[in-house]
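Below: one structure, written as structure tokens.
Since every read-out is calculated from the coordinates, none of them should be taken as a lab result. Just so we're clear, the structure is a prediction, and the values are computed from it rather than from any experiment. Ideal geometry is used to build each Cβ from the backbone, glycine not excepted, and the neighbour counts take in all protein chains shown.
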Amino acid sequence: MRTPRRSTAPLAFVVTAGPTREFIDPVRFLSNPSTGRMGFEVARAAASRGHRVALVAGPVSLKTPKGVARVDVVSARDMLAAVLSRLDDLGRGPVRVVFVATAAVADWRPAECAAVKLKKGAMRPVLKLVRNPDILKTVAERRAAEGAAPLLVGFAAETGDPVAEALRKCREKNLAMVVANDVTEPGAGFGTPTNRAALVRRDGSVRRLPLMSKAALARRIVRECEDLCS
Ligand code: PMT
């Protein structure tokens, strides 16, 4: 299949991928089943179309796509710091920046992380949690305050029809687009080679896509970003 020609000048992409880990002690953590596959495909698709790409990856076991600059992180707070630093670097240049948040970031972390492995008997059955930063929201607010404007694309992992929630997130966080997927649907969501998503734009337009490979969906997302930047 021929790849459509790019309609924009090269862009600079910052992409998050994979899960985060929030440690309870050196051998136990809270996390989720994200493998990073969706985000790595977005990074690969953007690089293959000649865009500059920085990939901020949680703990995953995937090879770095060709032409992609990767930084590995563990926790949500690490991921936020790496994203802000990449956006600062890329935002200094003349090129339009696109931030695509595919990562499944843990919303909560243990209030404390023990320095040594907790003995079973020393552990309490109730874990005290504190909120993690919302990376996408932080970027949206910071950029709004600074006047610079990267294009912001979020994902919405929902159980059930994700479109209404995606539209709410799109407007609440001032995103250009949300890629909404129902993570309980067969062949979609965490760990699968395929996904089924709806592309929801802030103006309320919704494009429901069929089940396709994550690589094909990623190419579609990158082309939508080019379209939104043109
Ligand atoms: O990695 P795979 O195995 O290929 O799986 C792909 C996927 C299911 C992880 C992916 O398709 C997906 O849905 N990613 C978003 C997962 C998610 O955490 O969604 P959410 O609805 O909880 O978050 C909404 C958006 O806010 C997301 O863009 C997320 O990256 C971002 N977020 C969430 C929490 C947080 N603290 N900071 C964030 O930036």
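So the values come out like this:
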{"read-out": "Sequence-separation-based contact order of the range 12-229, relative, with Cα cut under 8 Å and 6+ spacing, percent", "value": "20 percent"}
{"read-out": "In sequence order, calculated HN-Hα J values of the range 133-139 (Karplus, 6.51, -1.76, 1.60; Hz; x Gly/Pro)", "value": "x, 8, 5, 4, 5, 4, 5"}
{"read-out": "Convex hull (Cα only) mean projected area of the chain, reported in nm² to one decimal", "value": "13.6 nm²"}
{"read-out": "Pairs beyond 26 Å (Cα-Cα), from 128/214; 66/173; 66/214", "value": "128/214; 66/173"}
{"read-out": "Candidates per trypsin sites (Lys or Arg not before Pro) in the range 5-78, loop by DSSP, up to 16 other Cβ within 10 Å", "value": "5, 6, 63, 66"}
{"read-out": "Relative contact order %, the range 26-104, counting alpha carbon pairs below 8 Å whose residues are six or more apart", "value": "29 percent"}
{"read-out": "The range 119-190: C-alpha gyration tensor shape, a/c 1.5 cut-off, then a/b vs b/c", "value": "oblate"}
{"read-out": "Whole-Hz couplings from phi, Karplus 6.51/-1.76/1.60, listed for the range 78-91; x for Gly and Pro", "value": "4, 5, 4, 4, 5, 5, 4, 5, 5, 5, 4, 4, 6, x"}
{"read-out": "Most mobile listed residue (169, 117, 214) in the chain, GNM with C-alpha springs under 10 Å", "value": "117"}
